[in-house]
1. For Ala115, work out the one condition from (1) farther than 16 Å from Leu199 by Cα; (2) buried (at least 22 other Cβ atoms within 10 Å of the Cβ) it doesn't fulfil.
2. Any idea how many residues of region 293-316 are open to solvent by 20 Å² or more (accessible area, probe 1.4 Å), part of a loop (DSSP other than H, G, I, E, B) and modelled with pLDDT under 90?
3. Search region 278-290 for residues that are within 11 Å of His112 (Cβ to Cβ) and pair each with any residue that is open to solvent by 20 Å² or more (accessible area, probe 1.4 Å) when their beta-carbon atoms are under 6 Å apart and the residues are at least 6 apart or on different chains.
4. Can you pull out the residues in region 55-87 that are touching a residue at least 40 places away in the same chain (Cβ under 8 Å), touching a strand residue (DSSP E or B) at 6+ places or on another chain (Cβ under 7 Å) and within 15 Å of Gly110 (Cα to Cα)?
5. Failed condition for Ser230, given (1) closer than 21 Å to Phe127 by Cα; (2) polar (S, T, N, Q); (3) open to solvent by 60 Å² or more (accessible area, probe 1.4 Å), with all others met?
6. Within region 173-198, how many residues turn out to be outside any helix (DSSP H, G or I) and over 22 Å from Ala73 (Cβ atoms)?
7. For region 59-73, state whether one or more residues are acidic (Asp, Glu) and open to solvent by 70 Å² or more (accessible area, probe 1.4 Å).
8. Mind checking whether some residue in region 4-13 is at pLDDT 85 or above, out of contact with any Cys (no Cβ under 9 Å at 6 or more places or on another chain) and closer than 27 Å to Ala201 by Cβ?
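The values are calculated or read from the model by the stated rules, or taken from the named source; none is laboratory data. For clarity, every value in this text was computed on a predicted model and none was experimentally measured. As a convention, Cβ positions derive from the backbone with ideal geometry for all residues, glycine included, and neighbour counts pool all protein chains shown. The accessibility values were calculated without ligands, DNA or RNA, using every heavy atom of the protein model including side chains. Shrake-Rupley method; radii C 1.70, N 1.55, O 1.52, S 1.80 Å.
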Amino acid sequence: MSAPAVPQPLDDAGAPSEPREPGPPSAARARPAGGTPLTAAYTRLTEVLPFLAVTELGPADPLPAGPGWVAAADLAAGGGVLDDFLAWDAGQVRRTYGEEARPDVVASFGLHRYAWSACLLVTLPWFLLRRVPRLPLDAVALHRNADGSRARVAARGAGFACLPDDPAAGLPGARVVAGEEALRAEVRGAVAGHLEPVLAAFGPRMRRGPRALWGMATDEIVEGLWYLGSLLGEEERAMAETGLLLPGNGAGTGPATAPYRGGAAFRTLTGPAGEPLATRDRASCCMYYTLRPEDTCVTCPRTCDSERVARLAASA
């Protein structure tokens, strides 16, 4: 797991859980005074991840613009806006690692930094509140400061899906669905609808086809929520939830959920003292190995299980 401020190995730790129907969300589902049905989730996000702040916009509010801001729709359009966005990532690599990265590696890092945050805009309200916002491409903008130490996201939701017993079910913009699996389908659809044009724009720069791009989207969903679950003290529930959300792992234990490739695919390793250690194999490559070949991500298929055990046990 990793936060996307700087490309780094995606460390993971903790105990696995078999997929199960989820327990009750961990946050109160009442609409906060002066907020929206999603405010509690976004507030909690910033509390545990202070470098990422979310601003909710009203229906008539324009997306913020100016230095540092980039609209998702402009990224998807490619051209000069995407060039400038990736120039920031290339500079971040130079500052952090003292070397130049290949253009396809820079594009991979840039997509990770955008998609990781964009996925959490959908998955965290689902995880905490059982509410799934729809975020059209033209309703999200991202701001990164010069050193990458803080990011801001502005979002204008187009309604949300929820369960019949949700206190917010009668609010304007609510769309009630029948049950948990229908709500999971809303999560998959909301993320796919937002990311599809972004993936199409980044793909040629990354030199990757649809299969690899949707594998990356799978990893952003799973590892983002896994990481936030650990920060919230609910890692096991986050693992169980993502296992139900993306059940296919591409290894014969279940089909992938289109358009995603693979699934959560958590598995258990045994530590030196017999302790269980959770890991997974990424469905895509983050390309970090091109900068530090001796230091691959813990969830990279290139990293053997014995090395994973050593690193996970040490971090624990």
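1. The single condition Ala115 does not satisfy is (1).
2. Count: 6.
3. Final answer for the pair search is Ser284/Ala212.
4. Of everything in region 55-87, those that are touching a residue at least 40 places away in the same chain (Cβ under 8 Å), touching a strand residue (DSSP E or B) at 6+ places or on another chain (Cβ under 7 Å) and within 15 Å of Gly110 (Cα to Cα) turn out to be Gly68, Trp69, Val70, Ala71, Ala72.
5. (3)
6. So the count comes out to 6.
7. No, region 59-73 has no match at all.
8. No.
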